[in-house]
Amino acid sequence: MSNPVFIAIDVPRLDGAKALAEKVKGHVGGIKLGLEFFCAHGHHGVLEMAQVGLPIFLDLKLHDIPNTVAGAMQSIHVLEPAIVTVHASGGRAMMEDAKAAAGENTKVVAVTMLTSLDETDMAKTGIAGSAHDQVMRLAELAETAGLDGIVCSGHEVGAVHKQWKNGYFVVPGLRPAGSTVGDQKRVVTPRQARDDGASVLVIGRPISKAEDPLAAARSIEGTL
Ligand SMILES: O=C(O)c1cc(=O)[nH]c(=O)n1[C@@H]1O[C@H](COP(=O)(O)O)[C@@H](O)[C@H]1O
């Protein structure tokens with residue numbers, strides 16, 4: 001099985017991003033570039049990072065009216081990302097149009113409930129009920145819209161996997177035992193997420209902020 005770990009490269013400088021990716025590339029399966037990186041370096045930066053030779057996950061978390069999101073998807077075609085994110089709360093029509101506008105080899109996955117939120121945060125945005133129910137509801141909506149899968153925490157991935165057999169499940173909020181949780185709230189270990197059906201394990205700071213990122217990536221790989 002190929003390595004399911006995508007390293008989240010949330011660093012501001014392109015040279016630093018590239019050096020980190022080069023360092024760990026033998027022990028991860030892909031590179032995730034998010035808003036911090038894309039806002040700083042745009043298309044040029046993504047093309048530079050693609051030279052490392054690993055699949056690129058472009059985590060743009062698109063959330064707008066359908067026409068605008070479809071346009072954004074068309075604008076990133078040329079980058080040929082393996083995975084792109086949109087927000088499930090953008091609704092069914094937005095997700096349908098995002099998928100229709102995506103390249104044939106790009107998986108479009110919907111962020112359900114951010115792993116930095118818990119039920120108290122959710123209630124303050126006007127959504128009552130459990131994180132589990134909210135993720136299941138949005139997963140069903142994403143499947144109906146024809147997306148490839150969703151992003152959810154390791155707390156929900158087992159249940160979503162049972163409901164959506166051939167879905168593609170991206171799980172962030174991962175922390176090896178004993179590591180700092182930081183701003184994440186719904187957290188599990190990489191091994192737990194993989195055992196529960198995650199297709200992709202997104203891991204950032206436990207590798208990027210480690211004293212020795214190569215050793216950290218290798219050690220996580222060894223637990224899988
Ligand atoms: O879409 C994502 O990748 C994502 C969704 C989510 O619910 N939570 C989440 O942490 N992420 C991303 O996953 C990465 C997690 O980074 P670390 O907390 O440093 O491992 C960051 O790049 C986040 O933007």
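The values are calculated or read from the model by the stated rules, or taken from the named source; none is laboratory data. None of these values were measured; they are calculated from a predicted model. All Cβ positions, even for glycine, are placed from backbone atoms using ideal geometry, and neighbour counts span all protein chains on display.
Counting only residues that are surrounded by fewer than 21 Cβ atoms within 10 Å (Cβ to Cβ) and not charged (D, E, K, R), which one in the range 88-100 is nearest to the chain's Cα centre (by Cα)? Can you show your working first?
Here is the first cut: in the range 88-100, the residues surrounded by fewer than 21 Cβ atoms within 10 Å (Cβ to Cβ) are 89, 91-93, 96, 100.
Those left that are additionally not charged (D, E, K, R): 89, 91, 93, 100.
Numbers: Ser89: 16, Gly91: 19, Ala93: 21, Ala100: 20 Å.
Selected residue: Ser89.
Looking at the range 168-179, is at least one residue among the basic types (Lys, Arg), under 18 Å from the mean Cα position of the chain (by Cα) and within 22 Å of Leu58 (Cβ to Cβ)? Explain how you work it out, then say what you get.
Here is the first cut: in the range 168-179, the ones among the basic types (Lys, Arg) are 175.
Checking the rest, the ones that are also under 18 Å from the mean Cα position of the chain (by Cα) come to 175.
Imposing the further condition that a residue be within 22 Å of Leu58 (Cβ to Cβ) reduces the set to none.
The answer is no; no qualifying residue exists.
With Ala128, Ala82, Ala102 as the choices, which residue is out of contact with any Leu (no Cβ under 7 Å at 6 or more places or on another chain) and modelled with pLDDT under 95?
On the way: Ala82 fails: modelled with pLDDT under 95; Ala102 fails: modelled with pLDDT under 95.
On inspection, the qualifying residue turns out to be Ala128.
Six or more apart or on different chains, Cβ atoms under 8 Å: show the pairs whose first residue is in the range 134-156 and touching a residue at least 60 places away in the same chain (Cβ under 8 Å) and among the β-branched types (Val, Ile, Thr) and whose second is in a helix (DSSP H, G or I) and within 12 Å of the ligand (Cβ to nearest atom).
Taking only residues 6 or more apart or on different chains, the pairs are Ile150/Ala88; Ile150/Val135; Ile150/Leu138.
Working only within the range 60-105, note down all residues that are within 18 Å of Val200 (Cβ to Cβ), part of a loop (DSSP other than H, G, I, E, B) and within 15 Å of the ligand (Cβ to nearest atom).
Residues satisfying the conditions are Pro81, Ala82.
What residue, of Ala19, Ala40, is more than 15 Å from the ligand (Cβ to nearest atom), among the hydrophobic types (A, V, I, L, M, F, W, C) and assigned to a helix (DSSP H, G or I)?
Ala19
Consider only pairs whose beta carbons are under 6 Å apart and that are at least six residues apart or on different chains; among these, list those whose first residue lies in the range 168-188 and is of a type in the set (A, V, I, L, M) and whose second residue is more than 10 Å from the ligand (Cβ to nearest atom) and assigned to a loop (DSSP other than H, G, I, E, B).
Val171/Gly154; Val171/Ala198; Ala177/Thr189; Val188/Gly154
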